[in-house]
Amino acid sequence: MAAIEIKGDQMPKVLTDSVSNSVTSIFQRIIGAEPVFEGNGEDRKLGDGVIGIISFVGDISWLLMLVLPRKSATGISSKFCGFDVEYESEDMGDVVGELANVLAGDLVSRLKDESINVAMSLPTVMRGHDVEPLLPRGLPQEKLLYSVPQGRFLVRLAGASTSDFIGMTPGK
């Protein structure tokens, strides 16, 4: 078991590095172009959009949120599926959930390579205008803004102490 803990308002570097590497790898394969990291997206509102959320429990407990604005969602989903998906369709939720799932699966593998064991949840998907999941105060959070030819997207991380999640620890 790795000695990793979320303390204070900072996400562990191994976690943010793994997320960045996963985003680069997965989106490079899907889009055919490396996503450009544009920095902290803390003050960014992306308008109409869809969010895929995955939670992780284990040696470290945290949430990953993939936030795709309308234009980005339709362009990226087209590349991911190989055909157009209407933004308002139920299929869009399935596509974004699966995209979040693919990203999360890559993260689980990368963290395992760092001797960090986590299990991931099934995806939850939300759609709306400037949707912002309300999280408990005091959780460390980061918003990473990326761009690809299809538009911009955010990857948001929110950490929790192990006492904030109740459940089984993977591998125990």
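The values are calculated or read from the model by the stated rules, or taken from the named source; none is laboratory data. Since the structure is predicted, the reported quantities are computational estimates derived from the model, not experimental observations. Ideal geometry is used to build each Cβ from the backbone, glycine not excepted, and the neighbour counts take in all protein chains shown.
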Of all residues in the range 142-172, count the ones that are at pLDDT 85 or above and of a type outside the set (D, E, K, R).
14
Consider only pairs whose beta carbons are under 8 Å apart and that are at least six residues apart or on different chains; among these, list those whose first residue lies in the range 77-94 and is more than 16 Å from residue 149 (Cβ to Cβ) and whose second residue is at pLDDT below 95 and of a type in the set (Lys, Arg).
87/70; 92/127; 93/127
Condition test on residue 15, is it within 17 Å of residue 122 (Cα to Cα) and either surrounded by 19 or more Cβ atoms within 10 Å (Cβ to Cβ) or touching a residue at least 24 places away in the same chain (Cβ under 8 Å) (or both)?
no
Could you list, in sequence order, all residues of the range 75-93 that are touching a strand residue (DSSP E or B) at 6+ places or on another chain (Cβ under 7 Å), within 20 Å of residue 33 (Cβ to Cβ) and among the small types (Gly, Ala, Ser)?
75
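Can you tell me how many residues within the range 56-79 are polar (S, T, N, Q) and within 17 Å of residue 4 (Cα to Cα)?
In the first step, residues of the range 56-79 are kept if they are polar (S, T, N, Q); the result is 61, 72, 74, 77-78.
Restricting the remaining residues to those that are within 17 Å of residue 4 (Cα to Cα) gives 61.
Number of matching residues: 1.
For every residue, the table says whether it meets (1) within 19 Å of residue 11 (Cα to Cα); (2) of a type in the set (A, V, I, L, M, F, W, C); (3) out of contact with any helix residue (DSSP H, G or I) (no Cβ under 7 Å at 6 or more places or on another chain).
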residue: 43; (1), (2), (3): yes, no, yes
residue: 49; (1), (2), (3): no, no, no
residue: 52; (1), (2), (3): no, no, no
residue: 70; (1), (2), (3): no, no, yes
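Output the residues belonging to the range 80-92 that are part of a helix (DSSP H, G or I) and either surrounded by fewer than 18 Cβ atoms within 10 Å (Cβ to Cβ) or within 11 Å of the chain's Cα centre (by Cα) (or both). Can you show your working first?
Let us first name the residues in the range 80-92 that are part of a helix (DSSP H, G or I), namely 80-81, 90-92.
If the condition is that a residue be part of a helix (DSSP H, G or I) and either surrounded by fewer than 18 Cβ atoms within 10 Å (Cβ to Cβ) or within 11 Å of the chain's Cα centre (by Cα) (or both), then 81, 90, 91 are the ones that fit.
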Select from the range 27-64 the residues that are in a helix (DSSP H, G or I) and either surrounded by 20 or more Cβ atoms within 10 Å (Cβ to Cβ) or free of Cβ contacts under 8 Å to residues at least 12 places away in the same chain (or both) and list them in ascending order.
27, 28, 29
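Give the residue, chosen from 96, 67, that is β-branched (Val, Ile, Thr), in contact with a strand residue (DSSP E or B) (Cβ under 7 Å, 6 or more places away or on another chain), under 25 Å from residue 42 (Cα atoms) and not in a helix (DSSP H, G or I).
Details: 96 fails: not in a helix (DSSP H, G or I).
Criteria check complete, one pass: 67.
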Using the structure shown, decide if residue 113 is in contact (Cβ under 8 Å) with a residue 60 or more places away in the chain and farther than 14 Å from residue 156 by Cα.
no
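So if I check each of 115, 77, which one is among the polar types (S, T, N, Q) and either surrounded by fewer than 19 Cβ atoms within 10 Å (Cβ to Cβ) or assigned to a loop (DSSP other than H, G, I, E, B) (or both)?
On the way: 77 fails: either surrounded by fewer than 19 Cβ atoms within 10 Å (Cβ to Cβ) or assigned to a loop (DSSP other than H, G, I, E, B) (or both).
Just a single option satisfies the conditions, and that option is 115.
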